[in-house]
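Okay, structure first, notes after.
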Amino acid sequence: MKNVGIPLKLISLLADGEFHSGAKLSALFGMSFAEINKYIQTVREWGVEVLTITVPKTGYRLHEPLQLLDETAIWARLPYGRLVVISVINSTNQYLIDRIGILEPGDVCTAEYQTQGRGRRGRKWLSPFGKNIYLSIYWRFEQGQSATSGLSIMVGIVIAEMLQRLGFEGVRVKWPNDIYLNNSKLAGILLEITGQVGNVIHFVIGVGMNLNMPGSASDMIDQDWINLQEVGITIDRNALVAELINTLRQTLQQFERDGFAPFVNRWQSLDNFYNCPVKLIIGNQEIRGISSGINTNGALLLEQDGEYHAYSDGDISLRLAS
Ligand code: BT5
């Protein structure tokens, strides 16, 4: 990765949303205006909207101020556990996977910008700088794979409930791994299992949540999506990150102790598509039915001609049937 120090310093200066003259930036960095402009270009490539101003002076300002992640502010809200805040990373999930041997359950990595944010099955997760939440948490389970069924569903449930508690009442879940708002994707969850030895299974759970992504992202996302900010409640990014970490740590502990059972009944009232006609897309196949909640393993229940069939996660996409 190329040197990120200068673009990062530029972002932290510009984050206040005020005008910064080219002359002042040149003096500060000891560079020509053309060189500064080159680094501004990098900042733009990371997804930060920088405006070039020419009158009355030449310089830059951000389209709107940015609240940057602040490790100390997040720390202050966490009762325990380890956390790393990184500015530029390939993927927060990959960061933890690369360190699996030295991690403790509950360890967290969060970042401002992911160069290779990913979704399921090699899909991309758009991750512009400073706009959203990209966060991964590590957990291990000692009792084998069967003890983890429903895990990704549980994560969706507790994140949706957390957001509702914070006042975002319209937040819902969509099977298997999406958080929805106004029928659009607000957040996605990516569970990756790595390095099973005996009965011990290592999980990295990644959460990407859109807070304030520019509308231009629609050119790169092939489904309806939404920002949490659209609800109109002021969001403190650091407080939200801390709340998410605390929620995940607490509920992963509970899940480890009690399994999925305490969560199953909480799905229905959150389910964006409960009792709706849907189609499941599995490879080239399309299966239609009425979405009827989940079973005790977290599999989707589809009613087809009066019978209920369970579909487990694989490469299944669920869409509202027209
Ligand atoms: C997911 O995959 O929804 C899981 C996304 C998990 C992302 C987090 S960020 C932190 C951690 N580190 C990572 O590298 N990943 C995790 P999936 O169901 O496959 O959905 C991917 C699809 O969502 C894409 O094909 C797009 O249609 C859409 N998409 C991509 N970026 C998006 C965004 N920022 N917001 C909403 N939808 C997006």
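Numbers below:
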{"read-out": "Positive-pole candidate from Q268, V197, I74, dipole of the chain, charges at beta carbon", "value": "I74"}
{"read-out": "Rg/Rg_globular for region 194-273, with Rg_globular taken as 2.2 N^0.38 Å and Rg from C-alpha atoms", "value": "1.45"}
{"read-out": "Base-10 log of normalised Debye intensity for region 156-248 (one unit scatterer per alpha-carbon) at q = 0.18 Å⁻¹", "value": "-0.85"}
{"read-out": "Gaussian network model of the chain, Cα within-10 Å springs - most flexible of Q285, Q254, Q145", "value": "Q285"}
{"read-out": "Region 238-322: translational diffusion in µm²/s, Stokes-Einstein, Kirkwood Rh over Cα pairs, 4 °C, 1.567 mPa s", "value": "89"}
{"read-out": "Karplus 3J(HN,Hα) series, Hz, for region 277-292 with 6.51 cos²θ - 1.76 cosθ + 1.60 (x for Gly, Pro)", "value": "x, 10, 10, 9, 10, 10, x, 8, 8, 10, 10, 10, x, 9, 5, 10"}
{"read-out": "Whole-number percent relative contact order across region 148-209, with pairs defined as alpha carbons under 8 Å at least 6 apart", "value": "23"}
{"read-out": "The chain: relative contact order as a whole-number percent, Cα under 8 Å and 6+ apart", "value": "14"}
{"read-out": "Projected area, mean over directions - region 69-124, Cα convex hull, nm²", "value": "4.4"}
{"read-out": "V4 long-range amide H proximity, modeled H, under 5 Å", "value": "none"}
{"read-out": "Relative contact order (%) - criterion: Cα under 8 Å, at least six apart; region: region 222-322", "value": "20"}
{"read-out": "Span-rule helices in the chain, defined as complete DSSP H runs reaching 15 Å or more along the axis (Cα) with Kyte mean at least 1.0", "value": "151-165"}
{"read-out": "Radius, Kirkwood style, for region 165-322 when every pair of distinct Cα atoms is counted (Å)", "value": "17.5"}
{"read-out": "Rg and Dmax of the chain, Cα atoms only, in Å", "value": "21.4, 74"}
{"read-out": "Region 7-149: C-alpha pair distances exceeding 18 Å, %", "value": "64"}
{"read-out": "Three-way shape label, region 1-43, alpha-carbon gyration tensor, a/c 1.5", "value": "oblate"}
{"read-out": "Structure-based [θ]222 nm, the chain - -39500 (n - 2.57) summed over DSSP H runs of at least 4, per residue, nearest 500", "value": "-7500 deg cm²/dmol"}
{"read-out": "Semi-axes of the equivalent ellipsoid for region 74-211, Cα gyration tensor, largest first, Å", "value": "23, 19, 15"}
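Just so you know, all these numbers are worked out from the coordinates, no wet-lab data involved. Everything quoted here is computed from the prediction, not taken from an experiment. Heads up, the Cβs are rebuilt from the backbone with ideal geometry, glycines too, and the neighbour counts pull from every protein chain shown.
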